[in-house]
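Peer 1: Have a look at the structure that comes next, please.
Each value in this text was obtained by applying a stated rule to the coordinates, not by laboratory testing. As the structure is a prediction and not an experimental result, all values here were calculated from the model. We place every Cβ from the backbone using ideal geometry, glycine too, and count neighbours over all the protein chains shown.
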Amino acid sequence: MTQPAAALERSNVVNLQERRLDRTVLRTYRTQADIDEIVPNPNQPRIGPKLDEELQRQIEANGGLFEPLLVEPHPDLPGKYRIIDGDRRWTNSRALIDQGKDEYRLMPIEVTDRTLSEEDRLRVWIYIHRQRKEWDAREKEMVAYQLVRMMGRASAANILGITVRELDKLVDIFELSEKFTSLRDPGAAITWARELMGVSKKLLTPSVVDAVVRKVNQKRITNSKDLRKLRQILPDPVARAHFLNDAGDLDSASLRLGPAPEPKPRAGLAGDLEAAVEAMRKVPWTELQTLKGDTQLLGRIDEAEELLKSLRSMLS
């Protein structure tokens, strides 16, 4: 039988340690609690399924949780704790208990000495998750989206430490990822959305987005990196029109690309230098062989070399 949470709080108040997480400094102590004394946070930023059979196998292999849950005194339920970080570990421990494995009821926890404000709780959770590989893999867009819903754009950007413009881009990517509904791995939708958002906004009209989403969900585009072909297809009116057609795809649209336009020569001194360099490159090696030892040409090269050195010195 475990001690009640209130008694544990009294007995551990002298064992507090400081833990700095970003701009928030927590005073915490470590103990254990029954899983029924721990309550998930309904406003936790991570959304989506939390059950994970691999995590359950890890919990069993370790004989329980290796890393304690970070919790706070629950503001509305005396004697209970609310999770700050560790919702997936709690969920999968509960799944094991529901399978009759009661040895996982007693959970290690790290308890804050106070209930955090909503902003501090989110800052702490985000700081912890930024240290994990999942953050870059799929979480930052999802968290940005959730924070905007919970707190608005200005507060969300402040908590994440980014500009509102950067925040809006993350939200746009997440909202786009939600449209990719037929992927074998739903978590890969963020990768698809990132690739598509890498295309110039001027080219990425609603009709283009709808066509891409439709063709991906129909499994007519199966590799997210293939979306990079749109950077050549969309500026070409013929290839673009074919891709937007129901019968078109990336490969067939690529076949309709016109010849690449010749680059426009640069004006002024830079253009003259480019023209001179290009002319020298085009001289065939057989002609160079016949010019070998030409003292007049070598003298002109020396003059050009001195002129270029003077020019570099003046422009440095």
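Peer 1: What angle, in degrees between 0 and 90 and rounded to the nearest 10, separates the Cα long axis of helix 118-130 from the longest principal axis of the Cα atoms of the chain?
Peer 2: Between the helix axis and the principal axis of the chain, the angle is about 60 degrees.
Peer 1: Hey, another quick one. Only bridges with both residues in the range 5-116 count here: give the DSSP antiparallel percent, nearest 5.
Peer 2: 75 percent
Peer 1: In nm, give the distance between the simple-model label positions of ASN217 and GLN131, each being 7 Å from the Cα along the Cα-to-Cβ direction.
Peer 2: 4.0 nm
Peer 1: Once amide H atoms are placed 1.01 Å from N in the peptide plane, what residues at a sequence separation of 5 or more from LEU21, or on another chain, have their amide H within under 5 Å of its amide H?
Peer 2: LEU26
Peer 1: While we're looking at this one, here's another question. PRE reach from ALA276 (point 7 Å along Cα→Cβ): which of the range 294-310 fall under 13 Å by backbone N?
Peer 2: Zone members listed by number: 300-310.
Peer 1: Could you go through the range 204-210 in sequence order and give the Karplus-derived ³J(HN,Hα) for each residue, using 6.51 cos²θ - 1.76 cosθ + 1.60 with θ = phi - 60°, rounded to whole Hz, and x for Gly and Pro?
Peer 2: 3J(HN,Hα) across the range 204-210, in whole Hz: 8, 6, x, 5, 5, 4, 4.
Peer 1: Another question about this same structure. Roughly how tilted is helix 53-62, in degrees to the nearest 10 and between 0 and 90, from the longest Cα axis of the chain?
Peer 2: So the helix axis and the longest Cα principal axis differ by about 60 degrees.
Peer 1: Using a 10 Å cut-off on Cβ atoms, rank the peptides 167-180, 31-44 from the highest mean neighbour count down.
Peer 2: Descending packing order for the listed peptides: 167-180, 31-44.
Peer 1: For the range 208-316, what is one quarter of the convex hull surface built on the Cα atoms, given in nm²?
Peer 2: Working: hull surface 47.5 nm².
Approximately 11.9 nm², given one-decimal rounding.
Peer 1: Hey, can you grab everything whose amide H is under 5 Å from the amide H of ILE84? Only 5+ residues off in sequence or another chain; H modelled, so Pro and N-termini drop out.
Peer 2: LEU70, VAL71, GLU72
Peer 1: Also, I was wondering about something else. Restricting to the chain, what percent of DSSP beta bridges are antiparallel, rounded to 5? Walk me through the intermediate numbers first.
Peer 2: Numbers: 16 of 21 bridges.
Here the antiparallel bridges make up roughly 75 percent for the chain.
Peer 1: While we're looking at this one, here's another question. Could you sort the peptides 53-60, 151-158 by per-residue average Cβ neighbour count (10 Å cutoff), highest mean leading?
Peer 2: Highest-to-lowest ranking by the protection proxy: 151-158, 53-60.
Peer 1: Per q in 0.10, 0.12, 0.13, 0.15 Å⁻¹, report the Debye log10 I(q)/I(0) for the chain, using one uniform scatterer on each alpha carbon and no solvent.
Peer 2: The computed values of log10 I(q)/I(0) come out as -0.78, -0.93, -1.01, -1.18.
Peer 1: Right, another one. Normalised by the number of residues in the chain, what is the relative contact order in percent for Cα pairs under 8 Å and 6+ residues apart?
Peer 2: Details: 326 pairs, mean separation 36.7, N = 316.
Averaging sequence separation for qualifying contacts and normalising by length gives 12 percent for the chain.
Peer 1: Something else about it: My understanding is that a pair violates if its Cα-Cα distance is over 28 Å; which of LYS140/LYS225; LYS215/LYS264; LYS179/LYS229; LYS202/LYS264; LYS202/LYS282 do that in this structure?
Peer 2: LYS215/LYS264; LYS202/LYS282
Peer 1: Could you list ILE128, ILE159 so that the one with the fewest beta carbons within 10 Å of its beta carbon is first and the one with the most is last?
Peer 2: Values: ILE128 16, ILE159 24.
Going from least to most buried by this count: ILE128, ILE159.
Peer 1: From the helices alone, meaning DSSP H stretches of at least four residues, give me the mean residue ellipticity at 222 nm for the chain, per-run term -39500 (n - 2.57), in deg cm²/dmol to the nearest 500.
Peer 2: Rounded to the nearest 500, the figure is -15000 deg cm²/dmol.
Peer 1: For the range 64-80, just list the computed ³J(HN,Hα) in residue order, Karplus coefficients 6.51, -1.76 and 1.60, θ = phi - 60°, integers in Hz, with x standing in for Gly and Pro.
Peer 2: So the J values, rounded to whole Hz, are x, 6, 7, 9, x, 6, 8, 9, 9, x, 5, x, 10, 10, x, x, 10.
Peer 1: Another one. Using the Karplus curve 6.51 cos²θ - 1.76 cosθ + 1.60 with θ = phi - 60°, what ³J(HN,Hα) values do you get for each residue of the range 266-283, in whole Hz, with x for Gly and Pro?
Peer 2: Going residue by residue, I get 6, 8, x, 4, 4, x, 5, 5, 4, 5, 5, 4, 4, 5, 5, 5, 7, 5 Hz, with x marking Gly and Pro.
Peer 1: Compute the acute angle (0 to 90°) between the alpha-carbon long axis of helix 295-315 and the principal axis of greatest extent of the alpha-carbon atoms of the chain; round to the nearest 10°.
Peer 2: 40 degrees
Peer 1: Another question, then. How large is the Kirkwood hydrodynamic radius of the range 32-129, counting all unique pairs of alpha carbons, in Å?
Peer 2: 13.8 Å
Peer 1: How do GLU141, GLU303 line up, fewest other C-beta atoms within 10 Å first?
Peer 2: Ascending Cβ contact count within 10 Å gives the list GLU303, GLU141.
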